[in-house]
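To start, the structure itself, in structure tokens.
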2 protein chains.
Amino acid sequence: MAENQKKNAADNAVFVGTKPVMNYVLAAITQFNQGGKEVVLKARGKAISRAVDVAEILRNRFIQGLVPKSISIGTEELQTESGEKINVSTIEIVLGKS
Amino acid sequence: MAENQKKNAADNAVFVGTKPVMNYVLAAITQFNQGGKEVVLKARGKAISRAVDVAEILRNRFIQGLVPKSISIGTEELQTESGEKINVSTIEIVLGKS
């Protein structure tokens with residue numbers, strides 16, 4: 001039960017990757033429909049543009065009054081298969097109803 | 001002279017497009033070295049990820065104490081050559097010294 005609650009707490013994150021943009025739009029809508037007050041879109045690297053697309057499509061087409069509550073950017077260090085370390089940019093967009 | 005001042009006021013924008021990321025990093029550094037207090041990185045579509053890369057490289061490698069003062073996202077309507085209207089996401093990252 002405790003684990004279940006913990007899971008729910010982290011569940012408002014939608015990780016945006018390389019799938020079609022509407023997949024993530026639908027995932028976010030589902031979370032709002034289940035009563036979530038905020039959804040956090042997270043992406044890194046080239047998926048960052050897609051995360052912004054997801055936020056804008058949600059705002060403009062699906063959920064009235066939705067606003068980006070905060071947008072933050074950062075850098076993560078990844079290790080490639082050959083052991084090389086590379087930096088990749090990240091974004092976190094917190095969406096909520098105004 | 002008045003026109004020159006107006007030009008300088010708008011000059012703190014760096015439009016991030018499809019060129020290598022270091023081109024835009026250099027453009028931003030140049031503006032700070034010329035006495036600019038803030039630089040605005042603007043991008044749309046797939047270049048959004050690159051704009052975040054530019055901001056993070058500036059912060060982590062080149063300019064100490066640089067922080068994103070504000071990050072905003074939006075949508076622009078473009079007209080294609082065939083007259084079709086498409087929406088494209090935009091980002092504006094304002095960088096300044098803390």
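Below, the figures for the structure above:
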quantity: Subset of region A:55-66 (residues that are more than 14 Å from B:Thr90 (Cβ to Cβ) and touching a residue at least 40 places away in the same chain (Cβ under 8 Å)); calculated: none
quantity: Hey, B:Ile86 surrounded by 16 or more Cβ atoms within 10 Å (Cβ to Cβ) and among the β-branched types (Val, Ile, Thr) or not; calculated: no
quantity: Test for B:Thr80: is it crowded, with 16+ Cβ neighbours inside 10 Å and of a type outside the set (Gly, Ala, Ser); calculated: no
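FYI, it's all coordinate maths here, none of it is from the lab. Since this is a predicted model, take the numbers as computed values, not measurements. Neighbour counts are summed over all protein chains in view; Cβ atoms, including those assigned to glycine, are modelled from backbone coordinates with ideal geometry.
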